[in-house]
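Since the structure comes first, as C-alpha cells, the remarks are kept for the end.
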Amino acid sequence: MFEHVEGRPVRLCLGSPDMAQVVGVVDRIGRVQPGRSAGLPTLVGRLREHLPPARSGPLCGNRLLHTDLTSANMIIRSDGRLSVVDWGQVALGPRWAEIGYLGAALLGEGHNLGEIRRWMWRFPDWRRTPLTARRALAEAMIGHTDGRDTWWISLVEPPIAG
C-alpha cells in the first residue's frame with residue numbers, strides 16, 4: 001500500500017519537541033513481530049558478508065526494523081501525527097538495533113557522539129544489550145560502508161559519565 005504523506009520532516013535535534021514522537025514511534029515499530037511468513041529480509045541476511053557467522057547471533061531477531069529513521073523518513077503531518085515513510089531498508093532483527101540506526105541518524109544531523117550515546121542509553125533495550133552484541137552491529141556496519149563509517153565503534157560504547 002502506498003500513500004502520499006504531506007507534512008514537514010521531523011526535527012532530529014535532541015532538544016526538539018519532535019523527539020518525544022520519535023521515541024514513541026521507535027517503541028511502536030519495535031513491538032511489531034511480523035513473522036517469517038511476511039517474507040521480509042533479516043538484518044543478518046543484509047549484513048551477512050560483513051559479519052562472521054560466529055558473530056551473527058546477536059543480530060538475529062523477529063522485530064520489525066526500519067533501519068533508516070532519518071529526518072527525511074519521518075514526517076510530521078499537519079495534524080501533528082508522525083508518519084514513517086520509505087520502508088526500502090526494512091528488516092527483521094533485534095529491537096535494540098533500531099536504536100543504533102537512529103543514533104547514526106542523529107550523528108548525521110550534527111550531534112556529537114557523547115550526547116548521542118547518553119540519549120541512546122535511555123532506552124532499556126539498548127542498555128540491556130551486551131556490548132559485544134552492539135559491537136557486532138558496529139563492525140558489520142563498518143564493513144557495509146567499506147570502512148568509511150568507523151565512528152560506529154564509538155557510537156555503540158556506553159556513555160561516559162558526566
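For the chain, what % of the accessible area comes from carbon and sulfur atoms, probe 1.4 Å? Present the calculation step by step, with values, prior to reporting the outcome.
Values: 4480 of 8370 Å².
Looking at the chain in its full context, I get 54 percent from C and S.
How far, in nm, would the chain grow between Arg28 and Ser154 when pulled straight, counting 0.36 nm per residue and subtracting the alpha carbon separation? Don't jump to the answer; show the numbers that get you there.
Working: separation 126, 0.36 × 126 = 45.36 nm, distance 2.69 nm.
Additional length available on full extension: 42.7 nm.
Counting helices only, and only those DSSP H runs with n ≥ 4, report the 222 nm mean residue ellipticity of the chain as the sum of -39,500 (n - 2.57) divided by its residues, in deg cm²/dmol to the nearest 500.
Details: 7 runs with 63 residues, N = 162.
When only DSSP H runs of four or more count, the value is -11000 deg cm²/dmol.
Return the sequence-ordered ³J(HN,Hα) values of the stretch 122-133 in whole Hz as given by the Karplus equation 6.51 cos²θ - 1.76 cosθ + 1.60 applied to θ = phi - 60°, using x for Gly and Pro.
Karplus values, whole Hz, x for Gly and Pro: 6, 8, x, 4, 6, 4, 6, 6, x, 4, 4, 5.
Ranked from highest to lowest mean number of other Cβ atoms within 10 Å per residue, what is the order of the peptides 96-104, 25-33? Walk me through the numbers before you get to the answer.
Numbers: 96-104: 23.9, 25-33: 15.4.
Those peptides, ordered most packed to least, come out 96-104, 25-33.
Place +1 on the Cβ of every Lys and Arg and -1 on the Cβ of every Asp and Glu in the stretch 1-119, take the dipole about the Cα centre, and give the residue among Gln89, Ala38, Val25 whose Cα lies farthest towards its positive end.
Looking along the dipole axis, the top candidate is Ala38.
Report the gain in length on full extension from Leu113 to Arg128: 0.36 nm times residue separation, minus Cα-Cα distance, nm rounded to one decimal.
Working: separation 15, 0.36 × 15 = 5.40 nm, distance 1.96 nm.
Separation in residues times 0.36 nm, less the Cα-Cα distance, equals 3.4 nm.
Would you report the distance distribution of C-alpha pairs in the stretch 76-118 as whole percents per 10 angstrom bin, up to the bin with the largest distance?
Pair shares across the bins are 22, 40, 37, 2.
The values are calculated or read from the model by the stated rules, or taken from the named source; none is laboratory data. Keep in mind that what you see is a predicted model, and the values were worked out from it rather than measured. When we count neighbours, we look across all protein chains shown, and the Cβ atoms used for this are built from the backbone with ideal geometry, even at glycine. Heads up: the accessible areas ignore ligands, DNA and RNA and are worked out on the full protein's heavy atoms, side chains in. Shrake-Rupley method; radii C 1.70, N 1.55, O 1.52, S 1.80 Å.
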